[in-house]
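Down below is the structure, laid out as structure tokens.
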Amino acid sequence: MSSATPTTTPTEQIMELEREYLLQNYSRYPLALERGEGCFVYDVEGNRYLDFIAGIGVNALGHNHPRIVNVIREQSALLIHCSNLYYHRYQGPLAKKLAEVSGLKRSFFANSGTEAMEGALKMMRAHGRKINPAKFEILSLENSFHGRSLGALSVTGQSKYRNDFEPLLPGVKFVPPNDVWALEAAFSERTAGIVIEWIQGEGGIFPMTVEYARRARELADRYDALLVFDEIQCGVGRPGTWFGYQLATPVVLPDVMVAAKPLACGLPLGVIVANERAAAAIAPGMHGSTFGGSALACRVALEFFDILDELLPAIRRAGDYFRERLGDLGRKHSFIREVRGHGLMIGLDLEVPGKQMVLDAQARGLLINCTHDTVLRFLPPYIVTESEVDQAVRILDAIFAAQPPTAGPSAD
């Protein structure tokens, strides 16, 4: 039993029990959440917080959305899971919707972004092997993040995630993002595929240039390799388009796209969407999932897409407004280097560490996080209003104003 005493708070009791029985792999913030409503969450002591991290992009419609709650209530009383041994009503319609909005054709449903990336890696390897057993190399980008499994870590271009588990999958080459010359030099007849985040998330909210993505498409075609876009964090509406690659005009279409986070509004669901050429690499029995594409998750995702159809313009407007307000803060506080991102995937790059600012924001009722040490990351729900953006900016302004002065450039 826990050693908690009657004088400890509910949050402290929860934390003590987890320290005793859970694997200590998370560096959690000292906050225990109880419920949510719209863009706000409440902790177990009843304090309210403006949620601008949204489950790391998962809770795209905020919390307790009435249409999502109704669908979950109704479907959970009918059929939650039946395995992929049988059909149910919702995988086909969801795959059709994904084909319509992605420009690709065939879907495979998994439970998470990491699992979707694993499937995409197998697709690249199988595609290459059909051409030549020596065609197994995969290109990925420095500063990237693609998941926590051994395969996904193998194509994650940040050593801090990889070091403890090496050696990893052989045949992976890392190239600098947005460096077209290095990209050209890395491709060869041994290249089976390349995986790119259109906007690097854990890497600090770094978008790819259209020139870079377009060159990757051309090189993949030249060397008969698969171009894979990782849209797990930057896709499914967050950039103000269905997917990040649709920010380019004309669109740079991949062979394979993987997505997850907001798909089922908090229920586990990931997806691989591929064109016919890439999909042909996976034959019956080569891949599968016990839980992937459950009736409950797929029906919720269909409802989410129905709502998202009308939300995309609002996402672009709210994102433009938020970046404008953050730009105002940048002109006011000298340690702010840059505002980056698209839609409601936004990073505020600082000259100073951001970890303490995350805690300071929490103390004032705003939930955000810090990635890449100095980048404050904002992933608000798609339903966020300008009033809520203003509230967040006021809190950030107060936190920034309390920072100690930083040394400016020396005078000549």
Query - Single residue of the stretch 354-371 satisfying the filter (free of Cβ contacts under 8 Å to residues at least 24 places away in the same chain, within 24 Å of Cys234 (Cβ to Cβ) and not hydrophobic (A, V, I, L, M, F, W, C)) that is surrounded by the fewest Cβ atoms within 10 Å (Cβ to Cβ) - result: Lys355
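Conditions (1) of a type in the set (D, E, K, R); (2) more than 21 Å from Val271 (Cα to Cα), marked per residue:
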| position | (1), (2) |
| --- | --- |
| His146 | no, no |
| Ala152 | no, no |
| Asp164 | yes, yes |
| Phe174 | no, yes |
| Glu211 | yes, yes |
| Leu219 | no, yes |
| Asp224 | yes, yes |
| Phe229 | no, no |
Report task. Residue by residue through the stretch 236-265, note down the ones that are out of contact with any Pro (no Cβ under 8 Å at 6 or more places or on another chain) and among the aliphatic types (A, V, I, L, M). Result -> Ala248, Val251, Val252, Leu253, Val256, Met257, Val258, Ala259, Ala260, Leu263, Ala264
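Give the stretch 246-265 a look and list any residue that's surrounded by 21 or more Cβ atoms within 10 Å (Cβ to Cβ) and part of a loop (DSSP other than H, G, I, E, B), or say none. Before you say what the answer is, go through the steps one by one.
First, the residues of the stretch 246-265 that are surrounded by 21 or more Cβ atoms within 10 Å (Cβ to Cβ): 252, 254-265.
Answer for the stretch 246-265, where residues must be surrounded by 21 or more Cβ atoms within 10 Å (Cβ to Cβ) and part of a loop (DSSP other than H, G, I, E, B): Val252, Pro254, Asp255, Ala260.
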Query raised in the report: Scanning the stretch 158-173 for residues that are assigned to a helix (DSSP H, G or I) and surrounded by 16 or more Cβ atoms within 10 Å (Cβ to Cβ), which turns out farthest from the chain's Cα centre (by Cα)?
Result: Arg162
Report task. Among residues belonging to the stretch 328-353 that are within 24 Å of Glu197 (Cβ to Cβ) and without any contact (Cβ under 8 Å) to a residue 60 or more places away in the chain, point out the one that is surrounded by the fewest Cβ atoms within 10 Å (Cβ to Cβ). Result -> Pro353
Requested in this report: Among the residues of the stretch 117-157, write down those that are surrounded by fewer than 20 Cβ atoms within 10 Å (Cβ to Cβ), under 17 Å from Val273 (Cα atoms) and not basic (Lys, Arg).
Outcome: Ala126
Query raised in the report: Has the stretch 214-223 got at least one residue that is surrounded by fewer than 20 Cβ atoms within 10 Å (Cβ to Cβ), charged (D, E, K, R) and either within 11 Å of the chain's Cα centre (by Cα) or part of a loop (DSSP other than H, G, I, E, B) (or both)?
Result: no
Query raised in the report: Is there a residue in the stretch 371-389 that is over 30 Å from Gln246 (Cβ atoms) and not in a loop (DSSP other than H, G, I, E, B)?
Result: no
Query raised in the report: Checking Val393 against (1) of a type in the set (A, V, I, L, M); (2) in contact with a Lys or Arg (Cβ under 6 Å, 6 or more places away or on another chain); (3) at pLDDT below 95, which single condition isn't satisfied?
Result: (3)
Query - Candidates Ala274, Ala281, Ala192 - the one that is among the small types (Gly, Ala, Ser) and either in the same structural domain as Gly319 (by TED's automatic domain parsing) or in contact with a Gly (Cβ under 6 Å, 6 or more places away or on another chain) (or both) - result: Ala192
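The values are calculated or read from the model by the stated rules, or taken from the named source; none is laboratory data. As the structure is a prediction and not an experimental result, all values here were calculated from the model. Counting neighbours? That spans all protein chains shown, and the Cβs are built from the backbone with ideal geometry, glycine included.
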